[in-house]
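The values are calculated or read from the model by the stated rules, or taken from the named source; none is laboratory data. What you see is a predicted model, and the numbers here were worked out from it, not measured in a lab. No Cβ is skipped: glycine too gets one built from the backbone with ideal geometry, and neighbour counts run over all protein chains shown. All accessible areas refer to the heavy atoms of the entire protein, side chains included, with ligands and DNA or RNA removed. Shrake-Rupley method; radii C 1.70, N 1.55, O 1.52, S 1.80 Å.
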Amino acid sequence: MPELPDLQVFSKNLTKELAGKTVKKVKLLVKQKSNASQAQMTKALAGQTIAKVIREGKELHVNFKDGTVLGLHLMLHGQLYIDDGTETHKYVIISLELEDGRTFGMTDFQRQATPKLNPPHNDVEDALSKKINSAFLKEAFAHTNASVKSWLMDQHVIRGIGNAYADEILWNAKLSPFSLCKNIPAKYVTKLAASIKKVLNHGERQILKERPGTISGELRDFLVIHNSKKTESPTGKKILVKVIGGRKTYFTEEQEKF
């Protein structure tokens, strides 16, 4: 599943490719999870010009010049593509035929990837927001009984962080994923706030370096902890793996548990 750094890169590359392009035709092939019908998508998007593509939490928002927004959530297996309009793709969820002859689309063999027309505004702070700092975390943690990893991944309290990057962030902060938020000392909360920005921004830079034009998939080879190919952390400690709720958590004993 693409996480925040992947989506950051996708949004930048999609803006380069799509900004200023006009939609000629819309095809909504899987309607179950969309909030709009084929007719509504066509009325809202056909003839409209794309202004930019941005990331909102774990979604991509295609912003049009008239203010209309097409939200795209890739879920676990969604893929994006841009082609010359002559290629055939399996499991297409939605596609936009552009006036320049190209097609921009989203596929998902599980049919879970979700297109939404004008998705509602989300007030939850994004992980890269300037408001996500030590003061924010200290206030949020004060009465929170959840484990810190669960909190980081809860899209109702902070948007954008997924399983892999939660592990990377917590290792960078030397904080056990099993620590209870309310028990974490102030100095570790400060370290965690810094690690959130550091790790996510580093991830984006690495993806841009290794796959500069990518608009789909995920790149994980550079991750130092959440990486099945590695057995030790950069400091030489054994990487441990524990399955919780069907998800793998990667960590080391050098991370403090509170």
*Kindly list, by first and then second residue, each pair from a residue in region 36-50 that is farther than 11 Å from V62 by Cβ and touching a residue at least 40 places away in the same chain (Cβ under 8 Å) to a residue that is surrounded by fewer than 19 Cβ atoms within 10 Å (Cβ to Cβ) and of a type in the set (S, T, Y), limited to pairs with Cβ atoms under 6 Å and residues at least 6 apart or on different chains.*
A44/T68
*Only one of K31, K58, K43 that is at pLDDT 95 or above and surrounded by fewer than 18 Cβ atoms within 10 Å (Cβ to Cβ)*: K43
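Given the criteria without any contact (Cβ under 8 Å) to a residue 12 or more places away in the chain, open to solvent by 30 Å² or more (accessible area, probe 1.4 Å) and part of a loop (DSSP other than H, G, I, E, B), does S150 qualify?
Numbers: without any contact (Cβ under 8 Å) to a residue 12 or more places away in the chain: yes; open to solvent by 30 Å² or more (accessible area, probe 1.4 Å): yes; part of a loop (DSSP other than H, G, I, E, B): no.
No.
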*Of the residues that sit in region 229-256 and are closer than 30 Å to T107 by Cβ and at pLDDT 95 or above, which one is surrounded by the fewest Cβ atoms within 10 Å (Cβ to Cβ)?*
K229
*Taking the condition among the polar types (S, T, N, Q), touching a residue at least 40 places away in the same chain (Cβ under 8 Å) and open to solvent by 30 Å² or more (accessible area, probe 1.4 Å), does N145 pass?*
no
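Out of the residues in region 13-28 that are without any contact (Cβ under 8 Å) to a residue 40 or more places away in the chain and in a helix (DSSP H, G or I), state the one that is surrounded by the fewest Cβ atoms within 10 Å (Cβ to Cβ).
Going residue by residue through region 13-28, those that are without any contact (Cβ under 8 Å) to a residue 40 or more places away in the chain are 15-16, 19-20.
Next, from what is left, pick out any that are in a helix (DSSP H, G or I): 15-16.
Working: T15: 17, K16: 12.
Per the stated criteria, the residue is K16.
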*One residue from L96, L137 being open to solvent by less than 40 Å² (accessible area, probe 1.4 Å), farther than 30 Å from V189 by Cβ and either assigned to a loop (DSSP other than H, G, I, E, B) or in contact (Cβ under 8 Å) with a residue 12 or more places away in the chain (or both)*: L96
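Among the residues in region 227-234, are any in contact (Cβ under 8 Å) with a residue 60 or more places away in the chain, touching a helix residue (DSSP H, G or I) at 6+ places or on another chain (Cβ under 6 Å) and farther than 16 Å from A146 by Cα?
Narrowing region 227-234 to residues in contact (Cβ under 8 Å) with a residue 60 or more places away in the chain: 233.
Next, only the ones that are touching a helix residue (DSSP H, G or I) at 6+ places or on another chain (Cβ under 6 Å) stay: none.
Within region 227-234, not a single residue is in contact (Cβ under 8 Å) with a residue 60 or more places away in the chain, touching a helix residue (DSSP H, G or I) at 6+ places or on another chain (Cβ under 6 Å) and farther than 16 Å from A146 by Cα.
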